[in-house]
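Coordinate-derived values only; no laboratory data. Quick caveat, the model's predicted, so the values are computed rather than measured. Using ideal geometry, Cβ is built from the backbone for each residue, glycine included, and neighbour counts are taken over all protein chains shown.
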Amino acid sequence: MSDARQLFDTYLRQRVAAGERFLVIDQRASQAPVPSRAAPSQPEPAMSQAPPPADESAEPRAGGRRARRADWRRDAPAIPPAGISIAPPAEDLFTSDPLNGATLDAIAHLVRQCRQCSLCEGRINAVPGEGPADARLVVVGEGPGATEDETGRPFVGRAGELLTEILAAIDLPRERVFICNIVKCRPPDNRKPQQDEIDACVPYLYAQLAQIKPAVILAMGGTAAETLLSTKQSLASLRNRVHSFRGTPLIVTYHPAALLRNPHWKKPTWDDVRIARQLADAHA
Ligand code: SF4
C-alpha cells in the first residue's frame, strides 16, 4: 500500500474507532491531492468505505463479502418528545377511488399507467417503490433521479447505496424495508417536485402506507417531511421529534443525496435512524 493510501486508511480507521458507523467521503476531499512520497503523479483511488474496528463481529454481506458491524444500540439516543400529529382522514364508505383498499401490486400498476401530472411526459419508467407488504419501516424520499428513472427502482445509484449501508447498519436489510418517494416520476433536471405534482401523486403514497401499516415511517429530506407533515418548517426543526402520520410514528432525517454533499449531517442522520429503529421494535 502506498503512503497516501496508508494515510487515508489510517484516517478512516480512526474515524470508525471514534464511533462512526458509515462514512461519507466528501467528493472534494476524495479528489484533493494527498501527499505521496512513492508516486506523486499517480492519483490514488478514493476509498468509499472504512475498514472495521477490531471489536466488531463479522456478519455476511450481499455479494459474498463479509462486513463487520457494531451493535447499533450502543449509545443510541433516547426517544425524543412528540411532534406534529396528522390525523387519519374521515372514512368515505361511498368513494369510488380505485386506490381505496388496493394492494401494493395494484397501486404499482396504476402508477405505471398514470398520466395525472406533467411528469409522465419525461419519464422512462415510473418508480412506484419496492419492498415487502409487511415492512416495519417505510422510507420515503423526494422523487426518482436519473438512475431510478432508467431502472424503475427507487434509491439506486450512489444515494441508494448509502441508504442500503445505513439500513444494514441498523440491522434492517434493505429487502425488509419498503422504499418509495413522494412523486413517482422523475422531475426534469432533478428539480424539486412542484406542489401540483405532489398533490397529484401523493395519494399513491398514502394508499401504500395504508396497505403496509408500518411500525414507523422515515421521511428522508425536506420534501418528504413537509408533505407528510403538512408543514413548511425546516428539516432541522422537524428532526429529533416523534411525529405521527395517521397514527404511525414518523421520524424526519436528511436525504442520503444530501449526506453525499454534506458529510457533517451523517452523525445526526445516524442518530435519527437509530431512533426510527427503536420505534420499529417498539411498535412491531
Ligand atoms: S408523478 Fe405521480 S401523478 Fe405524476 S404522472 Fe407520475 S405517477 Fe402520475
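In sequence order, region 77-82 has phi-based couplings of x, 5, 5, x, x, 5 Hz under the Karplus curve 6.51 cos²θ - 1.76 cosθ + 1.60, θ = phi - 60°, and Gly or Pro positions carry x.
Shape call for region 176-284 from the C-alpha gyration tensor, a ≥ b ≥ c root eigenvalues: rounded (a/c under 1.5), prolate (a/b greater than b/c) or oblate? Verdict is oblate for region 176-284.
When peptides 193-201, 172-180 are ranked by their average number of other Cβ atoms within 10 Å per residue, the highest-first order is 172-180, 193-201. With a Förster radius of 30 Å applied to the C-beta separation of S234 and H109, the computed FRET efficiency comes to 0.25. Residue-wise HN-Hα couplings along region 255-260, as the Karplus relation 6.51 cos²θ - 1.76 cosθ + 1.60 with θ = phi - 60° gives them from phi, are 7, x, 5, 5, 5, 5 Hz; Gly and Pro carry x. Less than 5 angstrom separates the built amide H of V242 from those of A82, G83, all sequence-distant by 5 or more or on a different chain. Segment D189..A282, full-extension length gain: 29.5 nm, with 0.36 nm per residue of separation and the alpha-carbon distance subtracted. A simple rule links phi to the HN-Hα coupling: the Karplus curve 6.51 cos²θ - 1.76 cosθ + 1.60 with θ = phi - 60°, which for region 105-110 gives 5, 5, 5, 4, 4, 5 Hz, with x for Gly and Pro. Grab the other residues whose beta carbon is less than 11 angstrom from that of A258, score K and R as +1, D and E as -1, and report the net. Surrounding charge for A258 is +1. In this structure the amide hydrogen of N181, modeled in the peptide plane, comes within under 5 Å of the amide hydrogens of G141, none closer than 5 places in sequence on its chain.
Annotation: lysines with alpha-carbon distance below 27 angstrom to K266 (same-chain offsets under eight excluded): K184, K192, K232.
For region 90-237, just say rounded, prolate or oblate: build the C-alpha gyration tensor, square-root its eigenvalues into a ≥ b ≥ c, call rounded for a/c under 1.5, and beyond that prolate if a/b exceeds b/c, oblate if not. Rounded shape, in that the Cα axes give a/c under 1.5.
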